[in-house]
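Here the structure comes first, spelled out in structure tokens, and everything after it is commentary.
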Amino acid sequence: MKTIAVIGGGITGVTSAYALAKRGFQVTLFERQRYPAMETSYANGGQLSASHSEVWNHWSTIAKGMRWMLKSDAPLLVNPKPSWHKLSWFAEFIAAIPHYRDNTIATVQMAIAAREHLFNWAQEENISFDLKREGILHIYRDKAGFERATEVTRLLAQGGLQRKPVTPEEMRAIEPALAGSYYGGFYTESDSSGDIHKFTTGLAQAAGRLGAEIRCSQDVRSVAVEGGRARVTAVCDGETSTAVFDGVLICAGTASRAFAAALGDRVNVYPVKGYSITVNLQDERSRRAAPNVSLLDEATKLVASRFGADRLRVAGSAEFNGFNRDIRADRIQPLIDWVRQSFPDVDTRSVVPWAGLRPMMPNLMPRVGRGNAPCVFYNTGHGHLGWTLSAATADMVGGIIEQTLGHEASSSVLSPGFA
């Protein structure tokens, strides 16, 4: 049985560990927190959203970013302080603009494939994660936003996703709780939502039942290649230990760039901070007034998902500010204000704020495949779609590792478009 180390216990690492364990690998997962899914996979927007597959590499994104740079409550905020990491990332972001169409189509195809894997795994392993298969409603406040969405809808259709335009009256029929004035919307019936933390925790337990060893509180200090095998050194409670594996898979989120550099690879992941609030629906009036259908407000770039009877998750924003994990009040307040405006009868006295760092590649495409060394692999850089794409990329990298470690290593094996 081939041994493989998976570095990172978020949604990407856990889905990868599970996919590898199902293929018969002896898997050891290293996670620096006390439990899996305690960082970026803890409190995201909850959407499994193939309809949100449009990559950001478009000149309109650059224009919006320039307009919003000096607004502290803007959906996209860039700290103007320069760094080589940030400058190189934005240069590569601009260089990827010509690939906007192809990468968007490839992303939606991955998202559609991922949902089938995820639903099957959840059913096989009896994982309860507040899944709602009631679609996602994108809402637009003006004609320009709606017409831009019409263009994107045509592009998503080329990748196999169908979403339909809806009038304001049809929007209220889909989600009667929604207040405010809107130009129109798009509804993707095949999309869904759920609690990423619950799912990841449940799948980690399932991977354990398949024989994977889940090692938490393990701060991986180094990964190296010696004699064609991978050596992993980690610290737990002050004690340092080293183990050797046939292969290593880097699923370390924003830490992937540093691990890759140590292994002789370039994986230019940037930490893009997102915020969320969890509104506790403590009274019957709030529970009736909160939405049941998952939403995306294009103007504010906020998403909302209902978890069970008594929780509403609202998330959004993209903040380019390095590895800063501060939860800023001026970034949280727009989320609370949005709830008050969109669902005025929801009580917002009990709100839990959170922030996480999305690992984002410049071309908005996850890095899935081989490194320079034959025993090194990557599944990282999913950005704002980690939850949506994770099951597909886990299955992809599982197949690549199975092919590579089961045969003589030859040329690099990568799925087209994901290098």
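For G253, the conditions (1) crowded, with 24+ Cβ neighbours inside 10 Å; (2) touching a helix residue (DSSP H, G or I) at 6+ places or on another chain (Cβ under 6 Å); (3) not aliphatic (A, V, I, L, M) all hold with the exception of (2). Of the residues examined, G406 is not one that is more than 15 Å from the chain's Cα centre (by Cα), at pLDDT below 95 and within 24 Å of Q47 (Cβ to Cβ).
I'm checking my understanding of the structure. Among residues of segment 289-300 that are modelled with pLDDT of 95 or more and more than 16 Å from S350 (Cα to Cα), which one is most open to solvent (accessible area, probe 1.4 Å)? Restricting to residues being modelled with pLDDT of 95 or more and more than 16 Å from S350 (Cα to Cα), the top hit is N292. Listed by first and then second residue, the pairs linking a residue in segment 132-161 that is under 19 Å from A179 (Cα atoms) to a residue that is modelled with pLDDT under 95 and open to solvent by 20 Å² or more (accessible area, probe 1.4 Å), with Cβ atoms under 6 Å apart and 6 or more places separating them unless they lie on different chains, are Y140/E298; R141/A299; G145/E298.
Of all the criteria given as (1) surrounded by 15 or more Cβ atoms within 10 Å (Cβ to Cβ); (2) in contact (Cβ under 8 Å) with a residue 24 or more places away in the chain; (3) not in a strand (DSSP E or B), the one not satisfied by G211 is (1). Checked against (1) within 19 Å of V303 (Cβ to Cβ); (2) more than 15 Å from the chain's Cα centre (by Cα), A43 meets all criteria but (2). Scan segment 6-18 and tell me whether some residue there is touching a Phe, Trp or Tyr at 6+ places or on another chain (Cβ under 7 Å), of a type in the set (A, V, I, L, M, F, W, C), under 23 Å from T201 (Cα atoms) and part of a helix (DSSP H, G or I). Yes, segment 6-18 has at least one match. Every condition in (1) within 17 Å of G8 (Cβ to Cβ); (2) more than 21 Å from the chain's Cα centre (by Cα); (3) of a type outside the set (D, E); (4) open to solvent by 40 Å² or more (accessible area, probe 1.4 Å) is met by Y183 except one, and the failing one is (1).
The residue pairs whose first member lies in segment 1-24 and is more than 21 Å from S222 (Cβ to Cβ) and open to solvent by 10 Å² or more (accessible area, probe 1.4 Å), whose second member is in a strand (DSSP E or B) and of a type outside the set (A, V, I, L, M), and whose beta carbons are closer than 6 Å, counting only pairs six or more residues apart or on different chains, are M1/Q26. Anything in segment 312-326 that is hydrophobic (A, V, I, L, M, F, W, C), crowded, with 16+ Cβ neighbours inside 10 Å and modelled with pLDDT of 95 or more? List them, or say none. Hits for segment 312-326 are L312, V314, A315.
Looking across segment 186-201, the residues that are open to solvent by 10 Å² or more (accessible area, probe 1.4 Å) and either free of Cβ contacts under 8 Å to residues at least 24 places away in the same chain or not in a loop (DSSP other than H, G, I, E, B) (or both) come down to Y187, H197, K198, T201.
Among the residues of segment 165-178, at least one is open to solvent by 30 Å² or more (accessible area, probe 1.4 Å), on the phi < 0 side of the Ramachandran plot, assigned to a strand (DSSP E or B) and modelled with pLDDT of 95 or more. Criterion applied to A309, A392, A329 was being open to solvent by 20 Å² or more (accessible area, probe 1.4 Å), aliphatic (A, V, I, L, M) and touching a helix residue (DSSP H, G or I) at 6+ places or on another chain (Cβ under 7 Å), and the one residue passing it is A309.
When A315, A309, A299, A252 are screened for being in contact with a Pro (Cβ under 9 Å, 6 or more places away or on another chain), over 30 Å from Q26 (Cα atoms) and small (G, A, S), only A299 passes.
Here is a yes/no grid of residues against (1) over 23 Å from G194 (Cα atoms); (2) touching a strand residue (DSSP E or B) at 6+ places or on another chain (Cβ under 6 Å); (3) among the hydrophobic types (A, V, I, L, M, F, W, C):
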{"residue": "D297", "(1), (2), (3)": "no, yes, no"}
{"residue": "L302", "(1), (2), (3)": "no, yes, yes"}
{"residue": "A309", "(1), (2), (3)": "no, no, yes"}
{"residue": "A329", "(1), (2), (3)": "yes, no, yes"}
{"residue": "L335", "(1), (2), (3)": "no, yes, yes"}
{"residue": "D347", "(1), (2), (3)": "no, no, no"}
{"residue": "V352", "(1), (2), (3)": "no, yes, yes"}
{"residue": "L357", "(1), (2), (3)": "no, yes, yes"}
{"residue": "L364", "(1), (2), (3)": "no, no, yes"}
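D337 satisfies every condition listed in (1) more than 30 Å from V269 (Cβ to Cβ); (2) touching a residue at least 60 places away in the same chain (Cβ under 8 Å) except (2). What do you reckon, is V55 among the β-branched types (V, I, T) and more than 20 Å from the chain's Cα centre (by Cα)? No. The condition (being over 18 Å from A21 (Cα atoms) and touching a Lys or Arg at 6+ places or on another chain (Cβ under 9 Å)) is satisfied by just one residue among D219, D237, D246: D219. Taking the criterion of being hydroxyl-bearing (S, T, Y) and outside any helix (DSSP H, G or I), the residues of segment 336-362 that qualify are T348, S350.
Applying the criterion of being touching a Leu at 6+ places or on another chain (Cβ under 6 Å) and of a type in the set (A, V, I, L, M, F, W, C) to the residues of segment 354-389, the residue that is surrounded by the most Cβ atoms within 10 Å (Cβ to Cβ) is F377.
The values are calculated or read from the model by the stated rules, or taken from the named source; none is laboratory data. Computed from a predicted structure; not experimentally measured. Heads up, the Cβs are rebuilt from the backbone with ideal geometry, glycines too, and the neighbour counts pull from every protein chain shown. Only protein heavy atoms, including side chains, enter the accessible area calculation; ligands, DNA and RNA are left aside. Shrake-Rupley method; radii C 1.70, N 1.55, O 1.52, S 1.80 Å.
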